[in-house]
Every structure is written in C-alpha cells, then in structure tokens.
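Asker: One structure follows; several queries about it will come next.
Read the figures in this text as sums done on the coordinates, not as results from a lab. Bear in mind that the values here come from a model prediction, so they are computed numbers and not experimental data. Methodologically, a virtual Cβ is constructed for each residue, glycine included, from the backbone with ideal geometry; neighbour enumeration extends over all protein chains shown.
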Amino acid sequence: MAVFGSVHELVGGTPLVELHAFPIPEGVHLYAKCEYFNPGGSVKDRLGEHFIHEALTSGKLKPGGTIIEPTAGNTGIGIAVAAIGKGIHVIFCVPEKFSIEKQTLMRALGAEVVNTPTEEGMSGALAKARQLAEETYGSYCPNQFANPENPNAYYDTLGPEIWDDLNGRVDVFVAGAGTGGTFTGTAAFLKSKNPGIKTAVVEPVGSILNGGKPAAHRVEGIGMEFIPSFVKTKYFDAIHTVNDDDAFRRLKEAAAKEGLLIGSSSGAALHAALLEAEIAEPGSNIVVIFPDSSERYLSERIYD
Ligand code: PMP
C-alpha cells in the first residue's frame, strides 16, 4: 500500500533486521524486530489500538468518554495515538521519574498527564488511575497490568508478524517484560505454532522474576514489582536478569555498530539475546524485540 488512510493504519508491520556486527557463533542468526518504527514510536502502539478498539466495540467506552491509564509513557503514547479522531478524552497517571520526552509527547497528542510520586512506583500510578476513574463520569481504565486484552494485542499482531517474517523459522524468542504483555502474547502465539520454540524473558536487576527484590534501576520500561495474572510463567524457558551497565553498553554498541537507535529496554534484551546466541544450536534463528528508540531518553544522557 502506497497511501495510508490515517495514523492508525501505520501501527504494526515493523521491520525485522538482521544484526551482523556482534560476534556470535557461526551459523546462528540474530534478528531484531524494530518496534520503534510504529507511529507513536514503540511496541505499545499495538496495545493502544487494541485497547481503544476493544473498549469502543464492547461499549466500555463511548465517544465523549474518558480513558484513564497508569503508564510509564509508551502505553500512554500508544493510547493517545489510537484515540486520535475518536472524540475520547485521555488522562494518564505517570510516576514522575519517567522520561520528560515521553510525558511531552503524551501531552502533544492531547492527553492530560497526572504525575504520581516516584517512590510509589507503578503501584502508586495504578492507585491514582483507579481513584480518578471512580471520580470521572463516563471513564474507563483499561489497566494494562490486569487486562487479558494486553497479551491478546500481541498474540494477534506481533506474534504472527514474526512468524511470517521468518516463514516460521523461529527458534528462540527474546523479549523484556514490564507488564509482561508483549512477552506473554507473542510467546503464546509462537508456542501455538511450534511448542519447541524457546521463549526467554528479560528483566533488569531490581525486578522480581528471578526471585529478586524490587529495587531502582536505570533501564526504563521493563521490570516487575508484581506478576500480573495474565503472565504465564510456563513460557519462561529462560529468565535473563540484566544489569544497567550491560543494558547501556549494548544500547551504545547498537547505535555505533548497527546504526540502530534503541532504548535501554532494547539494550537489555539485546544483551540477553547475545547470551542466548552463545548457547544456541548452529542454524538457529533468534528474534529479539526492540520496544522503543533512544531518542525519547536523550535528556537522560544515555549515550554519555
Ligand atoms: N520496553 C519499553 C521501553 C516499554 O515502555 C515497555 C512497556 N512498559 C516494555 C519494554 C515492556 O512491555 P510490556 O509491558 O508489554 O511487558
């Protein structure tokens, strides 16, 4: 298609790029699904379109209504893009610490941003969203941390795209988890096609999947303080817990060696994918998700 009808049609269909500059064993192939090619700049544009579509078709949200959501930023941008032209008000609850670029973009797209204290984490943002939803007539809070439509968004789109991109020749799938929606939905789709595919989840040090305690980390967008009920731990064939130094080193290398301007969650996922490459069978195809771009973190001096 040469002409797109609206921004909504630009979501999905992102490029899968083979990486060549990192030393990996002969015969192993590493491919990155570059989700920052979505119109709002991240993997979460898929979730925004899915949430708005589902909320409007089920009647949970009516034109003129208000959508309220806790977000680290990318879900907010994705929902705000998806709401464009649909007559919906948008309010996001965002912990203060998250990047100023993301908060600026949410406001540029017409959203109201309500900041919550950094110390209260995503749980504080969730509590604030719930409170505002109770106080606001005609509002709906999709709640990406509890809504099974979250993984469904990726089961329906990202999983099939990866499968088609490689004509089903996928051996290892690597993705980070914030809510776990991207990982769970995509892993579920790929396993439904071929249960032998290895699905490896990535978290920062300071997340709980490997038994660690919640703690601060510089990597943004991944890391869990609790495990949402839609997350299927049976898909954790491997859990990679990546420290900030490795994630930021990989992010810099991806820019300098591959020309890929990726954010820190992508850097962490790349580090994990390179560890998977070390132990992969010859001939394996590894797919790693790059959720967003470095450009929305430049104020955090990520390349210094
Ligand atoms: N990376 C970035 C930059 C993100 O914003 C998010 C979403 N918070 C993720 C990864 C993880 O996505 P998910 O919530 O689907 O696990």
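Asker: In terms of modelled amide H atoms, which long-range or inter-chain residues lie less than 5 Å from the amide H of I67?
Answerer: H89, V90, I91, Y140
Asker: For segment 176-304, what does the convex hull of the Cα positions come to per residue, in cubic angstrom?
Answerer: Normalising the Cα hull of segment 176-304 by residue number yields 111 Å³.
Asker: Now a separate question. For segment 136-200, what are Rg and Dmax over the alpha carbons, in angstrom?
Answerer: For segment 136-200, the Cα-based Rg and Dmax read 13.8, 49 Å.
Asker: With only alpha-carbon pairs counted, each pair once and no self-pairs, how large is the Kirkwood hydrodynamic radius of segment 2-145 in angstroms?
Answerer: Taking the inverse mean of 1/r over all distinct Cα pairs, segment 2-145 comes out at 16.3 Å.
Asker: Please list the three semi-axes, largest first and in whole Å, of the ellipsoid equivalent to segment 1-64, using sqrt of 5 times the eigenvalues of its alpha carbon gyration tensor. Intermediate values should be presented prior to the final figure.
Answerer: Values: eigenvalues 238, 40, 14 Å².
Sorted largest first and rounded, they come to 34, 14, 8 Å.
Asker: Where a Cα-Cα gap under 21 Å defines reach, which lysines qualify for K62, not counting those fewer than 8 residues away within the same chain?
Answerer: The reachable lysines, counting only those whose Cα sits under 21 Å from K62, are K86.
Asker: Can you list the residues, at least 5 places off or on another chain, whose amide H is less than 5 Å from the amide H of V242, using H built in the peptide plane?
Answerer: E203, V205
Asker: Please state the charge dipole magnitude for the chain, taken about the Cα centre, from unit charges on C-beta atoms (+1 on K and R, -1 on D and E), reported in debye and rounded to the nearest 20. Mind showing how you got there, number by number?
Answerer: Values: 25 positive and 37 negative charges, 100 e Å.
In total the dipole reaches around 480 debye.
Asker: Take the alpha-carbon centre of segment 256-304, take the same for segment 179-198, and report the distance between them in whole Å.
Answerer: After rounding, the separation between the Cα centres reads 19 Å.
Asker: Which three extents, in angstrom, do the Cα atoms of segment 160-246 have along their principal axes, listed largest first?
Answerer: 40, 28, 17
Asker: How many percent of Cα pairs in the chain exceed 33 Å?
Answerer: Tail fraction, whole percent: 18.
Asker: If you don't mind, another one. Calculate one ³J(HN,Hα) per residue across segment 222-230 by plugging θ = phi - 60° into the Karplus curve 6.51 cos²θ - 1.76 cosθ + 1.60, and present them in order as whole Hz with x for glycine and proline.
Answerer: Rounded to whole hertz, the list is 10, x, 10, 9, 8, 9, x, 5, 7.
Asker: Across segment 47-61, in residue order, what do the Karplus-derived ³J(HN,Hα) couplings come to in whole Hz, using 6.51 cos²θ - 1.76 cosθ + 1.60 with θ = phi - 60° and x for Gly and Pro?
Answerer: Along segment 47-61, the couplings run 5, x, 4, 5, 4, 5, 4, 5, 5, 6, 6, 7, x, 5, 10 Hz.
Asker: While we're looking at this one, here's another question. Would you mind checking the pairs K193/K234; K44/K191; K44/K102 and listing those with alpha carbons more than 19 angstrom apart?
Answerer: With Cα atoms farther than 19 Å apart: K44/K191.
Asker: Which of the aspartates and glutamates could a cross-linker bridge to K252, judged by Cα under 12 Å and excluding same-chain residues fewer than eight apart?
Answerer: D304
Asker: Moving on to the next point. Hull surface divided by four, with the convex hull built on the Cα atoms of segment 251-297: how many nm²?
Answerer: 3.3 nm²
Asker: Find the centroid of the Cα atoms in segment 131-167 and in segment 37-90, then give the distance between the two in whole Å.
Answerer: 9 Å
Asker: Restricting attention to segment 189-242, which chymotrypsin sites (Phe, Trp or Tyr not before Pro) occupy a DSSP loop and are surrounded by at most 16 other Cβ atoms within 10 Å?
Answerer: Passing sites in segment 189-242 are F226.
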